[in-house]
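The values are calculated or read from the model by the stated rules, or taken from the named source; none is laboratory data. Worth saying up front: this structure is predicted, and the values here are computed from it rather than measured. Don't worry about glycine lacking a Cβ; one is built from the backbone with ideal geometry, like all the others, and counts go over all protein chains shown. We work out accessible area using only protein heavy atoms, side chains counted, and drop any ligands, DNA or RNA first. Shrake-Rupley method; radii C 1.70, N 1.55, O 1.52, S 1.80 Å.
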Amino acid sequence: MRRRTGRPRPGSRRLPLRSRRLLLCGLLLLAPGCGLSSGSPMADDVRPGTIGQGEPLKGAHLTVTSKEFSEQLVLGAIMGIAFQAAGADVLDRTGIQGSIGSREAVRQGSADADYEYTGTGWINYLGNTQPIPDPHEQWEAVRDADRRNGVTWLDPAPLNNTYALATNQANFKKYGTKTLSEVAALAEKDPGAVTLCVESQFANRADGLPGMEKKYGMSLPAKNITQMDTGIIYTQVAKGSCTYGEVFTTDGRIKAMHLVVMEDDRKFFPNYNAAPMIHTKTLEKYPQIADILAPVTRRLTNTVAQDLNAKVDVEGQDPHLVALEWMTQQGFVKQG
């Protein structure tokens with residue numbers, strides 16, 4: 001299976017100056033003067049709502065981190081806001097390029113926590129080649145195997161940022177497909193009906209198009225497959241230039257462009273559920289972290305992620321403010 005260097009970036013946006021600086025630093029843990037010495041205090045005027053009652057983290061100094069794409073910036077801010085509401089002083093080191101920097105920061109203890117993806121943990125960090133089809137079993141396997149590395153995975157969110165195929169409303173009404181099995185049946189019945197827009201990597205990797213075709217018994221002619229950049233795929237699918245396009249299940253453009261996602265009914269694509277990954281010594285010192293994050297994590301679904309990501313990638317809002325607004329609306333924290 002493909003070894004990902006991180007989760008896909010759902011849309012392009014200009015990062016804040018601090019995050020751009022982190023990008024220039026490269027692998028932060030290996031570059032003196034970069035990453036570990038960067039960051040800024042979170043200074044949100046928040047207090048406990050339904051989480052953080054009694055401020056169980058009062059006196060704690062915690063550092064949160066994340067990767068650089070929009071969903072991760074939002075998730076990192078959500079975590080930091082939760083910690084602040086519980087009384088902690090929080091240092092913001094979100095926006096690290098790729099997976100290695102944020103992962104190593106938590107593993108080594110220069111950061112205390114982030115939201116990581118179970119598929120990334122299982123394949124990238126732990127070196128496995130075959131994903132586990134059941135999402136809960138995938139999380140359990142990652143949690144158990146990663147204990148030796150000094151990190152603890154808390155319970156995962158329903159949010160699963162993985163591959164999918166999507167179509168526009170017109171083609172959904174025309175062909176009526178809801179699952180990848182139905183797409184395969186359509187391709188066999190009417191070969192010209194199924195045209196795909198995909199990334200070059202997806203077109204050539206075992207956990208992309210070749211594996212999907214094998215799993216679902218599809219055999220699409222090369223002329224039916226067009227390779228292009230990720231961002232263009234969404235617009236081309238929306239316009240109907242291709243019947244189906246490769247998407248990521250939590251991308252905000254799915255909802256913004258009214259696309260319909262095909263169910264992976266044979267469970268081919270790996271599970272990438274977001275879960276808090278905590279430096280174990282930090283959790284031992286502040287076990288309250290688990291109870292603080294649990295209700296927040298449970299509320300993070302694909303639909304929620306699509307909404308939050310769309311506010312950043314489609315509407316151009318600041319990811320931290322998007323996170324703060326959501327945490328307040330959900331009643332997790334109160335402002336002022």
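Some points to look at:
- Pick from the range 150-198, criterion within 22 Å of the chain's Cα centre (by Cα) and open to solvent by 50 Å² or more (accessible area, probe 1.4 Å), ranking: farthest from residue 110 (Cα to Cα): 158
- Residue 147 falls short on exactly one of the conditions (1) buried (at least 18 other Cβ atoms within 10 Å of the Cβ); (2) in contact (Cβ under 8 Å) with a residue 24 or more places away in the chain, and that condition is (1).
- Among residues of the range 215-257, those that are modelled with pLDDT under 95, surrounded by fewer than 16 Cβ atoms within 10 Å (Cβ to Cβ) and among the hydroxyl-bearing types (Ser, Thr, Tyr), counted: 1
- Neighbours by Cβ (under 9 Å, 6+ apart or cross-chain): first from the range 168-196, touching a residue at least 24 places away in the same chain (Cβ under 8 Å); second open to solvent by less than 20 Å² (accessible area, probe 1.4 Å) and among the charged types (D, E, K, R): 196/246
- Qualifying position, being at pLDDT 95 or above, crowded, with 17+ Cβ neighbours inside 10 Å and closer than 21 Å to residue 315 by Cβ, among 78, 51: 78
- Residues that are open to solvent by 30 Å² or more (accessible area, probe 1.4 Å) and either under 21 Å from residue 92 (Cα atoms) or small (Gly, Ala, Ser) (or both) within the range 314-324 comprise 316, 317, 318, 320, 321, listed in sequence order.
- All conditions in (1) within 30 Å of residue 218 (Cβ to Cβ); (2) in a helix (DSSP H, G or I); (3) at pLDDT 95 or above hold for residue 123, with the sole exception of (3).
- Helices (runs of 4 or more DSSP H) enclosed by the range 199-294 - at least 2 residues per element that are on the phi < 0 side of the Ramachandran plot and touching a residue at least 60 places away in the same chain (Cβ under 8 Å): 230-239, 252-256, 280-285
Each row is one residue, and each column tells you yes or no for (1) within 18 Å of residue 284 (Cα to Cα); (2) open to solvent by 10 Å² or more (accessible area, probe 1.4 Å).
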residue: 43; (1), (2): no, yes
residue: 46; (1), (2): no, yes
residue: 64; (1), (2): yes, no
residue: 70; (1), (2): no, no
residue: 113; (1), (2): yes, no
residue: 129; (1), (2): no, yes
